[in-house]
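The values are calculated or read from the model by the stated rules, or taken from the named source; none is laboratory data. This one's a predicted model, so the numbers in the text were calculated from it and none came from an experiment. Every residue, glycine among them, receives a Cβ derived from its backbone with ideal geometry; neighbour counts consider all protein chains shown. To get the accessible areas, we keep the full protein, side chains included, count just its heavy atoms, and leave off ligands, DNA and RNA. Shrake-Rupley method; radii C 1.70, N 1.55, O 1.52, S 1.80 Å.
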Amino acid sequence: MDRLRTQALSCWYLTGPTASGKTKAGVALARRLGAEIISLDSMAIYRDMDIGTAKPTEEELGGIPIHLIDIVDPSEEYSLARYIAAAHDKITEIHDRGKRVLFVGGTPLYLKGMLRGIFEGPPANKEFRAQLEEKMQGNPPELLHKMLKKADPESAKRLHPNDIRRIVRALEVYELTGQPISSFQKQFENGVPATDCNVYVLQWPRETLYARIDKRVDKMMYENFLDEVKRLTERKLPISQTARQALGYRELLDYLDGKMKFGQAVDLIKQNTRNFAKRQETWFRSFTECRFVSGENPKFDLDFEEVESSEVDSSFPATDDE
RNA sequence: GGGUCGGUAGCUCAGUUGGUAGAGCAACGGACUGAAAAUCCGUGUGUCGGCGGUUCGAUCCCGCCCCUGCCCA
């Protein structure tokens, strides 16, 4: 197991679907651990996007330091790889200060990237993607999948012909490295048992969760979420592709463009958020690392003595993949 | 009160010239490695308003009734 992954597994994690109460429980947990919080959230990294991302307020944090929020401008593109790199830097920094690290947030892909690592590959290449798009003009969409079949049959087998995004990425990696992406993508296969790490997932009955989501969206609208989005559109810089896909923002941007009525936009935010929460839960169920705790009454069963005496590094079972 | 359009899945609606029905959305399940709050895949859950009649067989045809919208009184 590589050093970065060992480092990541020495941290605590509190996750759960949207509106599951992560902030509140996270702050309380951070206090018990004497930890600083690193946000595990692909959208809270953006400045000026506060209400819609339910970014924790000073008041909610009650003095607990939080990292990796407000680190990029909404005009910037962000990515999994940027997050993983930034998070590792932060862990080192906080550990050097002699404090524990608690990740709090609900972006499952980032969680997985932390727990299992990501492969060292080339970043997204705009030119390549533009070229590919040009090549696809007038061609049936299955052509991409056929191209992948030639370059990387293993990935082609795993990817559905309609899964354009992943096919494009696989072709991109092959083009830029001469190696199939499937030859890189190995580390995700090895999960760690939940007892060997500290990953907690807040869980609610589905119906309750959906009701909480609806209520929270109403609260956001009451807090003038719309004004926040308007302010983003009034800036000189454009809103990046990654920032504009944030839940709530994209629907309100459509409303401001006259594409739908306000009430429809609000209903759609609720709907899309509920769908997202469901997808998050699918991720959590698939992770061997997760321990599920009641969202209503979170209990963490922390054993401080044991955690401290085990010196984390040596407590992990050896893996046979390296 | 008379006429008329309609009553089919949780919602909006197709459809069957008579052989017990299907789309979108929702719901549910799954995938996911540099866009991930994104993207993609899978699953139909139904006394076809009610009761009778005709028929080998009715959701479809006929009769009566109930409900809804519209028009006329």
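Checking each residue in the range A:22-49 for being closer than 30 Å to A:GLN241 by Cβ, in contact (Cβ under 8 Å) with a residue 60 or more places away in the chain, more than 10 Å from RNA strand B (Cβ to nearest atom) and open to solvent by 10 Å² or more (accessible area, probe 1.4 Å) picks out A:LYS22, A:THR23, A:ASP48.
Per-residue answers, yes or no, for (1) out of contact with any Ser or Thr (no Cβ under 6 Å at 6 or more places or on another chain); (2) outside any loop (DSSP other than H, G, I, E, B):
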| position | (1), (2) |
| --- | --- |
| A:GLY113 | yes, yes |
| A:ILE118 | yes, no |
| A:GLY121 | yes, no |
| A:GLU127 | yes, yes |
| A:GLU134 | yes, yes |
| A:HIS145 | yes, yes |
| A:HIS160 | yes, no |
| A:ALA170 | no, yes |
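Going by the structure shown, is A:ILE69 part of a loop (DSSP other than H, G, I, E, B), within 13 Å of RNA strand B (Cβ to nearest atom), out of contact with any helix residue (DSSP H, G or I) (no Cβ under 9 Å at 6 or more places or on another chain) and at pLDDT 95 or above? Answer is yes for this residue.
Of everything in the range A:234-272 that is of a type in the set (Gly, Ala, Ser) and part of a helix (DSSP H, G or I), the residue that is modelled with the lowest pLDDT is A:GLY263. Look at the range A:99-123: where a residue is within 17 Å of A:ASP89 (Cβ to Cβ) and among the β-branched types (Val, Ile, Thr), no partner that is at pLDDT below 95 and open to solvent by less than 20 Å² (accessible area, probe 1.4 Å) sits 6+ places away or on another chain with Cβ atoms under 7 Å.
So if I check each of A:HIS95, A:HIS88, which one is within 25 Å of A:PRO193 (Cβ to Cβ) and open to solvent by 20 Å² or more (accessible area, probe 1.4 Å)?
Sole residue among the options that is within 25 Å of A:PRO193 (Cβ to Cβ) and open to solvent by 20 Å² or more (accessible area, probe 1.4 Å): A:HIS95.
Applying the criterion of being in contact with a helix residue (DSSP H, G or I) (Cβ under 8 Å, 6 or more places away or on another chain) and away from RNA strand B (no atom under 11 Å from the Cβ) to the residues of the range A:146-170, the residue that is most open to solvent (accessible area, probe 1.4 Å) is A:LYS149.
Does the range A:210-225 hold any residues that are assigned to a helix (DSSP H, G or I) and open to solvent by 30 Å² or more (accessible area, probe 1.4 Å), and which are they? Listed by number, the residues that qualify are A:TYR210, A:ALA211, A:ARG212, A:ASP214, A:LYS215, A:ARG216, A:ASP218, A:LYS219, A:MET221, A:TYR222.
Of note, A:ASP48 satisfies the criterion of being under 30 Å from A:LYS236 (Cβ atoms) and not β-branched (Val, Ile, Thr).
Just to be sure, is A:ALA19 small (Gly, Ala, Ser), in contact (Cβ under 8 Å) with a residue 24 or more places away in the chain, open to solvent by less than 30 Å² (accessible area, probe 1.4 Å) and in a helix (DSSP H, G or I)? No: the conditions fail for A:ALA19. Among the numbered conditions (1) of a type in the set (Phe, Trp, Tyr); (2) surrounded by 22 or more Cβ atoms within 10 Å (Cβ to Cβ); (3) within 19 Å of A:TYR249 (Cβ to Cβ), the only one that A:TYR78 does not meet is (2). Out of the residues in the range A:110-124 meeting the condition of being near RNA strand B (Cβ under 8 Å from one of its atoms) and out of contact with any helix residue (DSSP H, G or I) (no Cβ under 6 Å at 6 or more places or on another chain), tell me which one is least open to solvent (accessible area, probe 1.4 Å). Going through the qualifying residues, I end up with A:LYS112. Screening A:VAL173, A:VAL192, A:VAL104 for residues that are near RNA strand B (Cβ under 9 Å from one of its atoms), open to solvent by less than 50 Å² (accessible area, probe 1.4 Å) and at pLDDT 90 or above leaves exactly one candidate, A:VAL173. Which of the residues that make up the range A:177-189 are of a type in the set (S, T, N, Q), open to solvent by 30 Å² or more (accessible area, probe 1.4 Å) and outside any loop (DSSP other than H, G, I, E, B)? Across the range A:177-189, the qualifying residues are A:THR177, A:SER183, A:GLN187.
With respect to A:ILE71, is the statement that it is open to solvent by 40 Å² or more (accessible area, probe 1.4 Å) and over 30 Å from A:SER183 (Cα atoms) true? Answer is yes for this residue.
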